[in-house]
1. Do we find that B:E4 is under 30 Å from A:R46 (Cα atoms), exposed (fewer than 15 other Cβ atoms within 10 Å of the Cβ) and at the interface with another protein chain (Cβ under 8 Å from one of its Cβ atoms) in this structure?
2. Say we look at region C:37-55 and pick out the residues that are more than 9 Å from every other protein chain (Cβ to nearest Cβ) and hydrophobic (A, V, I, L, M, F, W, C); which of these is farthest from C:V146 (Cα to Cα)?
3. Among the residues of region F:113-159, which ones are crowded, with 24+ Cβ neighbours inside 10 Å and among the polar types (S, T, N, Q)?
4. Which numbered condition trips up B:A67, out of (1) within 18 Å of B:V30 (Cβ to Cβ); (2) at pLDDT below 95?
5. For C:L73, indicate whether it is surrounded by 19 or more Cβ atoms within 10 Å (Cβ to Cβ) and modelled with pLDDT under 95.
6. Pairs, please: C-beta under 7 Å, at least 6 apart or cross-chain, first residue closer than 14 Å to F:T70 by Cα and in region E:123-138, second at pLDDT 95 or above and of a type in the set (S, T, N, Q)?
7. Tell me, which residue of region D:83-96 that is surrounded by fewer than 24 Cβ atoms within 10 Å (Cβ to Cβ) and under 14 Å from the mean Cα position of the chain (by Cα) is nearest to D:A14 (Cα to Cα)?
8. Residue by residue through region C:94-123, note down the ones that are under 21 Å from D:E115 (Cα atoms) and touching an Asp or Glu at 6+ places or on another chain (Cβ under 6 Å).
Protein chains: 6
Amino acid sequence: MSGEFTHFDAEGKARMVDVSAKAETERTAVAKGRILMSPETARLIREGAVKKGDVLSVARLAGIMGAKRTPDLIPLCHPLQLSSVAVDLTLDDAESAVEVTATCKIAARTGVEMEALTAVSVAVLTVYDMCKAVDKGMRISDIRLVHKSGGKSGTYEAA
Amino acid sequence: MSGEFTHFDAEGKARMVDVSAKAETERTAVAKGRILMSPETARLIREGAVKKGDVLSVARLAGIMGAKRTPDLIPLCHPLQLSSVAVDLTLDDAESAVEVTATCKIAARTGVEMEALTAVSVAVLTVYDMCKAVDKGMRISDIRLVHKSGGKSGTYEAA
Amino acid sequence: MSGEFTHFDAEGKARMVDVSAKAETERTAVAKGRILMSPETARLIREGAVKKGDVLSVARLAGIMGAKRTPDLIPLCHPLQLSSVAVDLTLDDAESAVEVTATCKIAARTGVEMEALTAVSVAVLTVYDMCKAVDKGMRISDIRLVHKSGGKSGTYEAA
Amino acid sequence: MSGEFTHFDAEGKARMVDVSAKAETERTAVAKGRILMSPETARLIREGAVKKGDVLSVARLAGIMGAKRTPDLIPLCHPLQLSSVAVDLTLDDAESAVEVTATCKIAARTGVEMEALTAVSVAVLTVYDMCKAVDKGMRISDIRLVHKSGGKSGTYEAA
Amino acid sequence: MSGEFTHFDAEGKARMVDVSAKAETERTAVAKGRILMSPETARLIREGAVKKGDVLSVARLAGIMGAKRTPDLIPLCHPLQLSSVAVDLTLDDAESAVEVTATCKIAARTGVEMEALTAVSVAVLTVYDMCKAVDKGMRISDIRLVHKSGGKSGTYEAA
Amino acid sequence: MSGEFTHFDAEGKARMVDVSAKAETERTAVAKGRILMSPETARLIREGAVKKGDVLSVARLAGIMGAKRTPDLIPLCHPLQLSSVAVDLTLDDAESAVEVTATCKIAARTGVEMEALTAVSVAVLTVYDMCKAVDKGMRISDIRLVHKSGGKSGTYEAA
């Protein structure tokens, strides 16, 4: 499989990969990402979490719901019955950033990396939306897969 | 409006901002982002574009369609009748990266920053999906708003 | 599990419950509900069913399709492959009401209560929509789970 | 229009009402509803709101997002560009109930009653989902339109 | 515009056409299509319409709802606020066929041809689905635009 | 099952067929269809494929994504976890037509004929959308099931 894009056939035509011959196994994927902001925005998020509206709770829910929309968004993703989605957001005051971790699980013939990455993406986009009235210069960064297990290709851990 | 999150009311409850008193004006938003990859993956994308499957074409289309799903994904975004979406992807061989720019336009009472940012996010997620069989270590980075015009708050250009 | 909301983790963060350790069993849920209206509106529905447009047929179809949208609507619901949805609507002339019963089935690791309740809700909302030009005072009432079987918690029958 | 269902033509065929000749005016709709539960469940919701997961915040967000899905759910509803959605949930300890009020606004050729009613319905369904592990006997009740203004038919206030 | 595909830019990249400089006018589109079947299937549909389940009513509703999903399905279509959708199905016994006509209207900067064609397509697909247990050899045919008015390009009538 | 529509119960009420007693088997469906156009339009598509925008690539992707939306479009279709979707489009110069073939696979209790037919329909609708600026007279034709295997009713091959 190395050196080949599986989403194209021999003639270069895009396709949804045929997973019907794969075994149904328990699969997990974990993705991470962050959104960088001004110290003032980070302060407002922290204060809101304790006494006013909680940006991180809204973004967490959006991330969970976003994971379910993955096959609607990513053209060649399989529709899947996710058995678990968890999205964790923490405010890093030192870095003036919100860190997001999403964990998806399924018993299926294909993995859930895209679901975890989509959950992270939608969560940070939601943070942007909630805070853009005070900070348009926020920057989404470092969205990547950090762990993947289950399936033929075995376990992957980001370096 | 400075120092206040508009998506919460005085009691800190999340809401879709009431834009019914705003004027309907022409609005444009431009967002950018990138996905970093191994030189080998960048080489495969470049070769595919000329002789096999074209990763960037698939991602461009996914980005355009993704912009239309923004109100389904971002909890407090208004549903909007976008009048234009363009997504541009270029392969940067020196950086081993795909650069994405999305431009959205509308005549409405609220802006389209989130639509542009969502288009970029879905486009880079699709690049990840298409290439993940050969490179799980890709990293999505630098998604940000670079331009916004129209509406009461005037024109914004990223520093 | 008693006395604990399963949709929050130990820190009170919302999550989609991890069902990956649960057994896949046949599960059924039945929900009921009603919409109360003026005798005149009930009469128009009854007449329409035999000679003009049939409100109940439209609402039945909307209820079935609504069951399929449950994971898009209820934030922490799992996406599911429903194996059966039936929605029954009857006009109760004595009460000037439409009674709705929805039955959903699945072979899965989690139940379909929410799918049955959503089917009932969408069906009665559709009755409201179809009849609102003649009766804005209709009232949706008594939506509840009446039966649930399959899964570890066993069979539930409403009192 | 009295005594006639507008969603059927002269032959009784369902249709989306043609609003192209209507004036675009500011329209508002307010709907209410409630979900009844055991005192123990109400107590858990109240405690959660202050120290653990907040059921009402999740349901509020689900209601807002649900309003946006109205044209996907209700067969003959027009797709609309909502300009505002607010969903308010309060816990009524005396009644052991959660009360929901949804307010929708738009500048359009048709009203937003269904959007307000759908927001209420999705919010109470979400409360059910979050609490069903401890209380399957909850009952959704009294979903109705309480106010409507704008448009040719004028202002409606529930009795 | 003749001899040029408007959905590609000068470099051949797909885009949603920018309609922001177009005038908002009243636009109408009418599309037609048919599904051919065995005489026995046509007979079952006719009988069902009077005494059992009505295939044509279900397909009509599916067509109306399908029109609303057009921007989700057709990659470069603009999201639109349709002001009217009507779908008419008639059984042609002589031809053993169901004939479908869909009419869509809007006040917008772009036309609704795709909405009318999608409504017809979803309606005939639904007839296929309802009847496939008795007739797998049905054939969908002659889906085409028959009328278009409004907008800069003027009125189109099929030959 | 012959001579009976399975999507209605004994009283003629529409329902999603209960497949919970069916065996989960590997199932495949292949559908075909075409869109007829002027020779000039066919020539533009062919030229675009080699030097400008590629209509067929966009339509292929739309067809694949359309297959995933089948349960949202066809009222009584079951939601399914497709394991493979492939859509093939070829330009037939002699006929001035684009021919489409869609192949869907699944391991499930119900077949994927509707998914294959929907993929074909969305692909040809997308060809229409991409080419309509130069040719409004295009005609969609001959959408039909050509092969079905798996499940109790055995293999079907179109005559």
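1. Yes, satisfied.
2. C:V50
3. Residues satisfying the conditions are F:T118, F:S121, F:T126.
4. (2)
5. no
6. Every condition considered, the pairs that remain are E:L125/F:T118; E:L125/F:S121.
7. D:S84
8. C:M114
The values are calculated or read from the model by the stated rules, or taken from the named source; none is laboratory data. Keep in mind the model is a prediction, meaning the values are calculated, not measured. As a convention, Cβ positions derive from the backbone with ideal geometry for all residues, glycine included, and neighbour counts pool all protein chains shown.
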